[in-house]
Structures are given as C-alpha cells and as structure tokens.
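Written below as structure tokens is the structure these notes are about.
Bear in mind that the values in this text are calculations on the coordinates, not laboratory data. Just so we're clear, the structure is a prediction, and the values are computed from it rather than from any experiment. Positions of Cβ are generated from backbone atoms using ideal geometry, with glycine treated the same way; all protein chains shown enter the neighbour counts.
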Amino acid sequence: MATQEQCQVLDHKQVGPRYFKLTLKSHYISTNGEPGQFVNVRVDNGTEPLLRRPISLHRINKEHQTFELLYEVVGEGTTLLTKATIGSKVDVLGPLGSGFKLDPAKKIAILVGGGMGIAPLAALAEKLKTLGGRAVYALAGARDKSCLVCEDELASLANQSVVATDDGSQGRKGYVSDLLIDLLNNTVTQIHYPETAIYACGPKGMLKAVAEIAGQKKIACQLSLEEKMACGIGACLGCSVMTINGYKTVCKDGPVFDAKEISW
Amino acid sequence: MQRRPGLRREGDIVVELAGLKLKNPVLVASGTFGYGKEFADYLDLNKLGGLITKSVSLKAKEGNPPPRIVETPSGMINSIGLQNEGLEAFIKNAIPFLAKLEIPVIVNIAGDTIEEYAELAKQLGKEKTVKGLEVNISCPNVKKGGMAFGIDPTATKEVISAVRKATTLPIIAKLSPNVTDITLTAKAAENAGANAISLINTVVGMAIDIETRRSRIGRPTGGLSGPAIRPIAVRMVYEASKAVKIPVIGIGGIMTGSDAIEFFIAGASAVEVGTANFVDTAAPLRILKEINDYLAKHEIGDHHELIGTFKE
Ligand SMILES: Cc1cc2nc3c(=O)[nH]c(=O)nc-3n(C[C@H](O)[C@H](O)[C@H](O)COP(=O)(O)OP(=O)(O)OC[C@H]3O[C@@H](n4cnc5c(N)ncnc54)[C@H](O)[C@@H]3O)c2cc1C
Ligand SMILES: Cc1cc2nc3c(=O)[nH]c(=O)nc-3n(C[C@H](O)[C@H](O)[C@H](O)COP(=O)(O)O)c2cc1C
Ligand code: FES
C-alpha cells in the first residue's frame, strides 16, 4: 500500500557539494516505509520535467512521523527539488517497491554503498541496529573525499564502518568492492559466510562486482537496482530489468533483488 | 442546492459511446493504467468513465530491451513493446479483479496477424466482464503487426472487419498518428464496422545520447506521449471527427480539464487520460472535476453541448 501525499518540508539542507538532505512529514510513509523502499517525488507542478523522480528512503523516523531523503543534484529534476523551502509541501508517492529482506539467521550484515547508493543503507543500518543481535559492517565508496556524504551517520549506526575513495583522498584508495574483499579476507572470514548477508546499492558496475564476489564465496546478497521510471507503481512496465525469471519491474518487484536473480 | 435550469448535477454526465453507457467522458488510456489494480490504492476506480486495459496479445510478449523510457521536453518516449502475459493469463489473473468493477471495462487487443486479432475478439467476447474492445492497430514498438495495420487504410479495414465478424462487442479502433491523412484510416475503420475510433496512439520519436551516439532507449525509435503531442492529437481529432459519423475518443497529453475541453471542442465525445496517470495518480478524477467546473462556470448543462463546436 502506498499513498500520494502533499508532505510538509520540515528541514532541507545542503550536506555536501551537490548533496541535499530533505526531511518530510508523513504519518503514512513513516509508519509503512521499510529500508530499501523509495518514494516517487514530483519536483515541480509543471510539465518540465514531466515525470516524478525516484528517491530512496534514507532515514525513517516512526516516532516523529518523518522520513529523510538524501539526494545528489545531477540534472534538472534534482535541481528543482533543491528549491523546496521549509514549510512548503512536496507531492510524494510512496512508500514504493519491495525493500531489503532481513533473515534472522544472518547474524552478520555487510552494507556496501557506492556513491549515492549509500542513501538507503542508513535506514537499513538503523533497522538492523534496532533489531539487535547482529554485527553490522558498513562499507562506503566514493569518487573523492567531497563525495562521501553520510559516512558519519553510518559509523554511528554500524559496528564498524570503512570508506574508500577512488583517488585515496580519504580512507583506502580504491573501490568499495576492494573494501568488501578485504573484509571477507580478514574479518568476516569463511566460517562466517553461511551466517552473512551482503546488502549493496550503487552504480551498476559496482553492483555487478559485488554480486560476483558474493557468488564466488556463496554469501547471500541483495542488491538495490536503479532504472528510469515513469509510474513507479508497476503499471507502465517501463523500468524492467532482465532476471533469470524474465523481465521484472525495478519499481515493484524491486528495487531490491536477490543478486542471484539478476541477468547481467 | 439551487441550480440554474439545464445545468446538471456534477457527475451526472452520461455518455453513450459505441453502445456503451459511461457515467462520464473520462477514461484511462491503455498501457498507462495497468489492469486497474495498480491504481486501486490511489483512486476510486468506480468513478472513472471507463477503464481500458493494457494491450493483451494472444501469446505472451516479453517486451523490449531496457532502457524502455526516456523523458523528453514535456513528454516521454517509451519502448515497452507490448509486454504482457498473453490472453490466457490475462483471463486468469486480471479478469477476476476487473469483474468486481462497476464501470465498463474495455480490453485493448493487439495481434501480430489479422487472425490473432479475430481470435482475441472471439475469446474475449465470451467474458461477461468485458464490455468492449479497443483494437490497437497503432503500437509503434513492435516489429510485427502493431502500427503496420494502422498506417494503411486497407489493412485497417481488414483487421477491423475481422474483429467485427468475430464479436458483437462494441469495437473502438485505436488509430495511429503516424500517417499523412488520418481521415483515410478513420473512414476505413468506420466502414469496417467500428463503433468508435480513439486517437492518438504515440507518435514515433527518437532521442539520441550525443556522447555515445546511441539511442537513449533500447531501440532506435519509440513512442512519444504526454503534453508534447497534444497539439497533434487535437488536430487529428478535429480532422477525423469531421470525416466520420461514429464517435471519436480523444487521447494525447491530457493533463487538465482544460485540455479535455479542447478535445471536446475539436470533436471528441470522450477522452482517455494516459501519461498523466504517471505524474498524478488522481489525474482522471481531477480532470473530471475540472471539466465539471468549466461546465458550471460557463453554464453549460452537458459536455455534449461542446462536442465539435470549434469555430472555423
Ligand atoms: C529506486 C531508486 C532510488 C533512488 N534513490 C536515490 C537517492 O536516494 N538519492 C539520489 O540522489 N538519487 C537516487 N536515485 C536516482 C535519482 O532518481 C536520479 O538521480 C534522478 O531521477 C535524476 O533526476 P534529474 O532530473 O536531476 O536528472 P536527469 O536530468 O534525469 O539526468 C541528469 C543526468 O544524470 C544522469 N542520471 C539520471 N539518473 C541517474 C542515476 N540514477 N544515477 C546516475 N546518474 C543519473 C542522467 O543520465 C543525465 O546525464 C534513485 C533512483 C531509483 C530508481
Ligand atoms: C508507457 C506507455 C505504454 C503504452 N502502452 C500502450 C498499449 O499497450 N496499448 C495501446 O493501445 N496504447 C499504449 N500506449 C499509448 C497510450 O494509450 C496513449 O495512446 C498515448 O500515450 C497518448 O496519450 P498520452 O499522451 O495521454 O499518454 C502506451 C503509452 C505509454 C506512455
Ligand atoms: S516505473 Fe512503471 S512499472 Fe516501474
């Protein structure tokens, strides 16, 4: 179930060179939203741009009936979204899609975020922390230091958090998939694999690399995918991705899929 | 409530369309509303004038390779490729939900061959939930069939005649805008026994990524929809409605009540709302309210008084 709602902007601030955090009020979305789900945001009432923009639930605060979005300005739509002022309302459709599935038998969770892929992992880390009984490792990768947006947040939610940058300006020099290999070689070693689950979100190349690593080591792995969307609710079949069971919609069947299901 | 003489109550508009009785002239367009269920959370489906399903083909269609969507100025290009589970699965999976609706359910059919269209019509004629057929002879996103039937008046006539022979259900022929003279296919559909025509389907379009020089969708071309095509649609409804006696249903970029009114004045008896459903899940009912507001403001009792009233 989801709703189309005019959500009040409670806070909206710049958190990095091109990054913004938007806090919205919604009883329905905060109550029903789960980590890995997203909302489809109408950034403007006109026809330019025409379509909504999908953004993941970054934080979900059931107590205060709010949720946060963390987004990067990449084009026209996200630029317009930056103009939403505190107190104004934003037209939001959500919560949409099927989020991360949590298996109580998996006592070790490894969260792997590349670039803005970090956004939904904060909500997941928070949920895992609330549930307790798990060791949570958060791995974040970004182009450079300025592109690391919520690693503090993740550090506070996870038991251990590590970062990598492509240019080495912060943390390990390399990709987030290198961090994953390090972790699986040194800390979460082979005897732990059966009780480990990897949750990854980020660019396609990174997800593919993570899926390969998980596949080789036979570790359960869920990926959050992205595809251009029109409706966001499974009606247009515009966001299809190929899986071993044929085309599936990223907006409804996903965005979170079992890594084994994806046909790359 | 005190009302002016002649002015009907809101929601009273009754439309007789191709032998179908609609509560109001706002329907939802094929492929933009799934099989209805997808939108049930967001609006009261029973308040729609009618529901037109996503195209159903005889056998399942996998659809086209992604990306299937690209946004363009005030519009979008899609290359879905008629993905659907095929007739049998449609009857099994979609009909039970549609059967519970109180509004007319019109099934949009698409075939690769004339025989397939006829077979679809024959089978669907046995389903009491199905109150009419919209015959899609205008999909630009498939290699076989589809638009090929809708750009040639002779082929249009053959398909519609075959469907006419196969069923007694009301038939709406959905025409393609990708023609030089819409009146030819409109007349062909009328002569072949269509009870109404609907137009327009999407306009063949293209968007190129200038860095890779490749298409921004999975195939070179796709179908353009949304406000960008509205002026083309209004013009074609105007031309087609003058050429035929059967009712015309206007489709193309309708986002507001004013847009719908424009189509009525051009000659449409009813409208279908498409891409707008993606932008605003409440679009069809909001548009209906805006139509009624316009009628009230102009003291027009019924939208029929507007149909084809364009002043040359
Ligand atoms: C399920 C889902 C969840 C998402 N969650 C988030 C989130 O939490 N935070 C966030 O910042 N973004 C998220 N995105 C991506 C976001 O939807 C797009 O960045 C946004 O729609 C771009 O809109 P725009 O109008 O600003 O850019 P456009 O004008 O549409 O595009 C501008 C440029 O950016 C490129 N671009 C467009 N989309 C993406 C993308 N997804 N990744 C990289 N480049 C892109 C385009 O190719 C183009 O070159 C998510 C996407 C999906 C499908
Ligand atoms: C994503 C998408 C899928 C569509 N699928 C179908 C379809 O299956 N059958 C059909 O007859 N028309 C299909 N159409 C065309 C619409 O029904 C409509 O004719 C067209 O989009 C123009 O109206 P609009 O501008 O209001 O969207 C589709 C359109 C879109 C955008
Ligand atoms: S965006 Fe329409 S089906 Fe996913």
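Remarks
- In terms of its C-alpha gyration tensor, chain B comes out rounded, because the ratio a/c of the largest to the smallest axis stays below 1.5.
- Residue order, fewest to most surrounding Cβ atoms within 10 angstrom, among B:GLU115, A:GLU195: B:GLU115, A:GLU195
- Peptide B:273-286 is shielded by partner chain Cβ atoms: per residue, an average of 4 of them sit within 10 Å of its Cβ.
- Per-residue ³J(HN,Hα) for segment B:209-221, Karplus 6.51 cos²θ - 1.76 cosθ + 1.60, θ = phi - 60°, Hz, x for Gly and Pro: 7, 6, 7, 8, 6, 9, 5, 7, 10, x, 10, x, 10
- Peptides A:235-247, A:203-215 ranked from most to least packed, by the mean per-residue count of other Cβ atoms within 10 Å: A:235-247, A:203-215.
- Calculated [222 nm] ellipticity per residue, helices only, for chain B: -8000 deg cm²/dmol; basis is -39500 (n - 2.57) per DSSP H run with n ≥ 4, divided by all residues, nearest 500.
- Couplings 3J(HN,Hα) of segment B:120-136, computed from phi: 4, 4, 4, 5, 6, x, 7, 8, 6, 5, 7, 9, x, 10, 10, 9, 7 Hz, in residue order, whole Hz [Karplus 6.51 cos²θ - 1.76 cosθ + 1.60, θ = phi - 60°; x for Gly and Pro].
- Legend: mean number of C-beta atoms from other chains within 10 angstrom of residue C-beta atoms, peptide A:225-233, equals 6.
- Against the main long axis of the alpha-carbon atoms of chain A, helix A:204-217 sits at an angle near 30°.
- Residue ranges B:250-259, B:301-310, B:124-133, A:113-122 sort as A:113-122, B:250-259, B:124-133, B:301-310 when ordered by packing (mean number of other C-beta atoms within 10 Å per residue, highest first).
- Protection proxy ranking, highest mean first, for peptides B:274-281, B:225-232, B:15-22: B:274-281, B:225-232, B:15-22, where packing is the per-residue count of other beta-carbon atoms within 10 Å, averaged.
- FRET efficiency for A:SER88 and B:THR154, using Cβ-Cβ distance with R0 set to 56 Å, rounded to 0.05: 0.50
- Take every DSSP beta bridge whose two residues both sit in the protein assembly as shown; close to 50 percent of them are antiparallel.
- For segment B:243-254, Karplus couplings with θ = phi - 60° (6.51, -1.76, 1.60), whole Hz, Gly/Pro x: 8, 10, 9, 6, x, 10, 9, x, 9, x, x, 7
- Fewest-first ranking of A:LEU128, A:LEU148, B:LEU58, using other Cβ atoms within 10 Å as the exposure measure: B:LEU58, A:LEU148, A:LEU128
- For peptide B:57-69, the mean count of partner chain Cβ atoms within 10 Å of a residue's Cβ comes to 4.
- Restricting segment B:203-278 to GluC sites (Glu not before Pro) in coil, as DSSP defines it, with at most 12 other Cβ within 10 Å: B:GLU211
- Comparing B:ASN93, B:ASN178, B:ASN84 in a Gaussian network model of chain B (Cα springs below 10 Å), the most mobile by mean-square fluctuation is B:ASN93.
- Chain lengthening between A:GLN190 and A:SER169 when straightened (0.36 nm per residue, less Cα-Cα): 4.5 nm
- Angle in degrees between helix A:119-131 and the longest Cα principal axis of chain A, rounded to the nearest 10: 70
- Proximity of backbone amide H atoms, modeled 1.01 Å from N, is registered between B:GLU134 and B:VAL107, B:ASN108, B:ILE109, B:ILE172 at under 5 Å, excluding neighbours fewer than 5 places apart on the same chain.
- Close Lys pairs in segment A:95-149 (alpha-carbon distance under 20 Å; sequence gap of 8 or more, or different chains): 6.
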